[in-house]
Amino acid sequence: MFIQTVLLAALDGLSYGAQVFLVAVGLSLIFGVLRIVNVAHGSLYAIGAYVTATFGLFIAAAGWSPWLTFPAMALSACLVGIIVGGALEVSLLRRIYGQEQVLQLLLTFAVFMILEDLQKAVWGVTPFFVNTPLSLLGTANILGINYSIYQLVVVPLVAVIVLVSLRYILRHTRIGRIVTAVADDRETSAAMGVDATRVYLLTFMTGASLAAFGGALASGATSLVPGMGAGMIILSFAVAATAGLGRIEGAAVAALMIGLGRSIAVYIAPEFDAVVPYLIMFVVLLFKPKGLFSVPQTRKV
Amino acid sequence: MRPELLIGMVAAAALAMVPVLAPWTAVMLTIALAVGLTVLGIVVLLRAGQISFGHGLYYAAGAYTVAFLVNARLSLDALILIPVGGLVATLIAVACGFFVVRYRDIFFAMINLSMSMVAFSLLEKLYHITGGGDGMNVARPTLAGVRFGRIAFEAWMFHLTLATTALAAFLVSRYLASPLGKALEAVKNNETRLEYLGVSSNRVLHIAYAISAALAGVSGAIIAIVNGHVSPEFAYWVRSGEFVFISILGGAGNVLGAFAGSVVFEVIRNYAAAFAADYWQTILGLSLIAIILFAPDGLSQLRFRRKKRAPP
């Protein structure tokens, strides 16, 4: 019985950590390049979830194959990232690069407030639940526990794919070098002929898409309620800070730590599940003030 | 300092008349002034270039202290409850401060945020102690030994709050003008130089942090008494964000601005809620964006590191 509890906690933590990772890595990417902590990131996560759920309902209503739900997830994530994220960057963020951090934080906070209302206006306040992905894939039996394959395989797999491809793109491709160069020194890169404005826009869209993708995956496993974005932004902040802001592999480790810590708490001391992520962050920052994977004096993406 | 003092006195005198002329605004103004105290705390930290996205923690600490004391049936007077609320918040801030003041900028904001979220979760989860998400009711205490009816109590609480804020505004402006307060600007502008002068910037920040928490605690205590109810939302990060928002709205870095901002905010909130119940957040968000993008002069008090100076 004990083993099963531990296993269940580990599986929950893995699946949850993978979702948080997607959101946190988007946040880290945006911070690493644009130097902005995007408070509205949580709203993008929530909107990604709602758009996916809407697509899911539409697919069901139109009588199409329910398997289309999966491509719909990726599609909605990209749409939200490109349309909402793009609009945000072009209309607002672009005007405040390099300004005081207080103003940047507050601007994105204002966007968060507006998006939160918009969300309620479009999707209402009643919980949304589209469980097509869960029921399509069924469950697997591990050591006597039935666990949904969606949460066991699909969600973590997507996270791993994102992690590996982000790493590969940033380290080994021309695009990645350009992004790293712009992150390091925007002015010099611009002087060398890099279109830094476009790099910023694309990075923000990518980061926003990742948040929306996290939401899209969440929509397959949990019910969507107003306020879900607010909870997630704080959690992904905690992950990004634990990892060291702007550190991508770090975000994966921290997301896993926090996901596992939280799900273990759910089974052992359910009153404290919401506290655990912050305690982990607190303890880490106590010993490593800039986060687990911080590198002194350098800026890395 | 002189003109500010004069404006402050005129404003306070004008406000003192308001409940007589328009009694229905008394509660709204009391809340606005009390919130202004927390915002004043944010303003103190802004002098050092730091923002706390978690001052809801100290606000809630003051409020819940009052709630616990009242529910413990000790029959304490409001004149005792309010300072005790401030004191508890200060003690928490002094303890947490040892950790918090080692951080700057984003990390400072986020450490505060995470601490307030821990408080928020605990307040919500430990329902047998704190009443959980429903919060706790706070019975109306005596004021200066007298048990007032509702209307009279509201009027007297307004005057008490006005007096408290006036005193706090005066003391904080004295503090900001003192060498210790001036050192805060040095934390923002050039910490290394401050350290070379033999002043510990962490200590300077620690004191400012305790002062700002004391203000937030008093503010929360007043709100608990006026509202007659406390809830975990007090420690929620969106609430803390509102405090920062108000400080910018009021022309950040300015003692009187804190109160002007919070009165404007409370009015917007009340009337926006009446006109467009579901969209008052949007209205606030849009006004915040407008301030940041189009009224940079209104933010002239915010002189942070990044500001580029013209070459001499």
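Could you please give the count of residues in the range B:69-95 that are outside any loop (DSSP other than H, G, I, E, B) and touching a residue at least 24 places away in the same chain (Cβ under 8 Å)? Give the steps one after another, and end with the answer.
Step one: of the range B:69-95, the residues outside any loop (DSSP other than H, G, I, E, B) are B:69-71, B:78-95.
Imposing the further condition that a residue be touching a residue at least 24 places away in the same chain (Cβ under 8 Å) reduces the set to B:70-71, B:78-79, B:81-90, B:92-94.
Adding up the residues that qualify gives 17.
Which of the residues belonging to the range A:116-126 are part of a helix (DSSP H, G or I) and either touching a residue at least 60 places away in the same chain (Cβ under 8 Å) or surrounded by fewer than 19 Cβ atoms within 10 Å (Cβ to Cβ) (or both)? Before the answer, list the steps.
Here is the first cut: in the range A:116-126, the ones part of a helix (DSSP H, G or I) are A:116-123.
Listed by number, the residues that qualify are A:GLU116, A:LEU118, A:GLN119, A:LYS120, A:ALA121, A:VAL122, A:TRP123.
So, in the range B:96-110, how many residues would count as being outside any helix (DSSP H, G or I) and either within 18 Å of the chain's Cα centre (by Cα) or without any contact (Cβ under 8 Å) to a residue 12 or more places away in the chain (or both)?
Initially, the range B:96-110 is screened for residues outside any helix (DSSP H, G or I), giving B:101-104.
Of the ones still in play, those that are also either within 18 Å of the chain's Cα centre (by Cα) or without any contact (Cβ under 8 Å) to a residue 12 or more places away in the chain (or both) are B:103.
So the answer is 1.
Collect the residues in the range A:275-295 that are buried (at least 17 other Cβ atoms within 10 Å of the Cβ) and either of a type in the set (Phe, Trp, Tyr) or under 14 Å from A:PHE237 (Cβ atoms) (or both), keeping them in residue-number order.
Within the range A:275-295, A:PRO277, A:TYR278, A:ILE280, A:MET281, A:PHE282, A:VAL284, A:LEU285, A:GLY291, A:PHE293 qualify.
Quick check on my filter: what residues within the range A:130-161 are surrounded by fewer than 14 Cβ atoms within 10 Å (Cβ to Cβ), within 23 Å of the chain's Cα centre (by Cα) and among the β-branched types (Val, Ile, Thr)?
A:VAL160, A:ILE161
Please verify whether A:ALA265 is crowded, with 16+ Cβ neighbours inside 10 Å, touching a Phe, Trp or Tyr at 6+ places or on another chain (Cβ under 6 Å), more than 14 Å from chain B (Cβ to nearest Cβ) and at pLDDT 80 or above, treating the condition exactly as stated. Quick ask: steps written out before the conclusion?
Values: crowded, with 16+ Cβ neighbours inside 10 Å: yes; touching a Phe, Trp or Tyr at 6+ places or on another chain (Cβ under 6 Å): yes; more than 14 Å from chain B (Cβ to nearest Cβ): no; at pLDDT 80 or above: yes.
Here the answer is no, as A:ALA265 does not meet what is asked.
Do we find a residue being hydroxyl-bearing (Ser, Thr, Tyr), within 13 Å of the chain's Cα centre (by Cα) and within 30 Å of A:GLY229 (Cβ to Cβ) anywhere in the range B:218-228? So that I can check it myself, show each step before the final result.
Restricting attention to the range B:218-228, the residues satisfying the condition of being hydroxyl-bearing (Ser, Thr, Tyr) are B:219.
Going one step further and asking which of them are within 13 Å of the chain's Cα centre (by Cα), we end up with B:219.
In the following step, the residues that additionally are within 30 Å of A:GLY229 (Cβ to Cβ) were identified as B:219.
Yes.
Considering each of A:ALA240, A:ALA251 in turn, give the residue that is away from every other protein chain (no Cβ under 14 Å) and either under 30 Å from B:SER121 (Cβ atoms) or modelled with pLDDT of 85 or more (or both). Can you show your working first?
Values: A:ALA240 fails: away from every other protein chain (no Cβ under 14 Å).
On inspection, the qualifying residue turns out to be A:ALA251.
With the requirement that a residue be in contact (Cβ under 8 Å) with a residue 24 or more places away in the chain, within 27 Å of A:ARG198 (Cβ to Cβ) and surrounded by fewer than 19 Cβ atoms within 10 Å (Cβ to Cβ), what does the range A:52-77 give you?
A:ALA74
Give B:ILE225, B:ILE246, B:ILE207 a once-over and let me know the one that is of a type in the set (Val, Ile, Thr) and surrounded by fewer than 24 Cβ atoms within 10 Å (Cβ to Cβ). Write out each step before concluding.
Values: B:ILE225 fails: surrounded by fewer than 24 Cβ atoms within 10 Å (Cβ to Cβ); B:ILE246 fails: surrounded by fewer than 24 Cβ atoms within 10 Å (Cβ to Cβ).
The conditions single out B:ILE207.
Limited to the range B:42-68, what total is found for residues that are at pLDDT 90 or above and within 18 Å of B:PRO232 (Cβ to Cβ)?
14
In the range B:20-63, how many are of a type in the set (Phe, Trp, Tyr), more than 14 Å from chain A (Cβ to nearest Cβ) and either outside any helix (DSSP H, G or I) or surrounded by fewer than 24 Cβ atoms within 10 Å (Cβ to Cβ) (or both)? Let's see the steps before the verdict.
So the first thing to find is which residues in the range B:20-63 are of a type in the set (Phe, Trp, Tyr), and the list is B:24, B:53, B:58-59.
This time we only want the ones that are more than 14 Å from chain A (Cβ to nearest Cβ), so: B:24, B:58-59.
Add one more test, that the residue is either outside any helix (DSSP H, G or I) or surrounded by fewer than 24 Cβ atoms within 10 Å (Cβ to Cβ) (or both), and what stays is B:24.
Number satisfying all stated conditions: 1.
Can you find, within the range A:130-152, the residue that is farthest from the other protein chains (Cβ to nearest Cβ) among those that are under 18 Å from A:LEU57 (Cβ atoms) and out of contact with any helix residue (DSSP H, G or I) (no Cβ under 7 Å at 6 or more places or on another chain)?
Going through the qualifying residues, I end up with A:SER135.
Against the definition (within 22 Å of A:GLY48 (Cα to Cα), in contact with a Leu (Cβ under 6 Å, 6 or more places away or on another chain), in a helix (DSSP H, G or I) and of a type in the set (Gly, Ala, Ser)), how does A:ALA240 come out, yes or no? So that I can check it myself, show each step before the final result.
On the way: within 22 Å of A:GLY48 (Cα to Cα): yes; in contact with a Leu (Cβ under 6 Å, 6 or more places away or on another chain): yes; in a helix (DSSP H, G or I): yes; of a type in the set (Gly, Ala, Ser): yes.
Yes, satisfied.
Going through the range A:127-176 one residue at a time, which ones are assigned to a helix (DSSP H, G or I), of a type in the set (S, T, N, Q) and under 22 Å from A:ILE248 (Cα atoms)?
Pass one, the range A:127-176, residues assigned to a helix (DSSP H, G or I): A:132-137, A:149-172, A:174-176.
Subsequent filtering for residues that are of a type in the set (S, T, N, Q) retains A:132, A:135, A:151, A:165.
Once the filter is applied, which keeps residues that are assigned to a helix (DSSP H, G or I), of a type in the set (S, T, N, Q) and under 22 Å from A:ILE248 (Cα atoms), the range A:127-176 yields only A:SER165.
May I ask you to list the residues in the range A:100-129 that are more than 7 Å from every other protein chain (Cβ to nearest Cβ), of a type in the set (Val, Ile, Thr) and more than 20 Å from the chain's Cα centre (by Cα)?
Once the filter is applied, which keeps residues that are more than 7 Å from every other protein chain (Cβ to nearest Cβ), of a type in the set (Val, Ile, Thr) and more than 20 Å from the chain's Cα centre (by Cα), the range A:100-129 yields A:VAL122, A:VAL125, A:THR126.
Determine the pairs where a residue that is modelled with pLDDT under 75, located within the range B:250-263, has a partner that is buried (at least 21 other Cβ atoms within 10 Å of the Cβ) and not hydrophobic (A, V, I, L, M, F, W, C) with Cβ atoms under 6 Å apart, the partner being 6 or more residues away or on another chain.
Listed pairs, sorted by first residue: B:GLY251/B:GLY257.
Scan the range A:185-201 and tell me whether some residue there is under 11 Å from the mean Cα position of the chain (by Cα) and touching a residue at least 24 places away in the same chain (Cβ under 8 Å).
Taking every residue of the range A:185-201 in turn, none turns out to be under 11 Å from the mean Cα position of the chain (by Cα) and touching a residue at least 24 places away in the same chain (Cβ under 8 Å).
In the range A:287-299, is there at least one residue being in a helix (DSSP H, G or I), farther than 30 Å from A:ILE3 by Cβ, within 11 Å of chain B (Cβ to nearest Cβ) and modelled with pLDDT under 80?
Applying the first criterion (in a helix (DSSP H, G or I)) to the range A:287-299 yields A:287.
Retained after the next criterion (residues that are farther than 30 Å from A:ILE3 by Cβ): A:287.
Keeping just the survivors that are within 11 Å of chain B (Cβ to nearest Cβ) gives none.
No, because not a single residue in the range A:287-299 is in a helix (DSSP H, G or I), farther than 30 Å from A:ILE3 by Cβ, within 11 Å of chain B (Cβ to nearest Cβ) and modelled with pLDDT under 80.
Based on what the data block shows, is B:SER116 under 26 Å from B:THR30 (Cβ atoms) and within 14 Å of another protein chain (Cβ to nearest Cβ)?
Yes, satisfied.
The values are calculated or read from the model by the stated rules, or taken from the named source; none is laboratory data. Keep in mind it's a predicted model, so treat the numbers as computed, not measured. In this analysis, Cβ positions are derived from the backbone assuming ideal geometry, glycine residues included, and neighbour counts consider all displayed protein chains.
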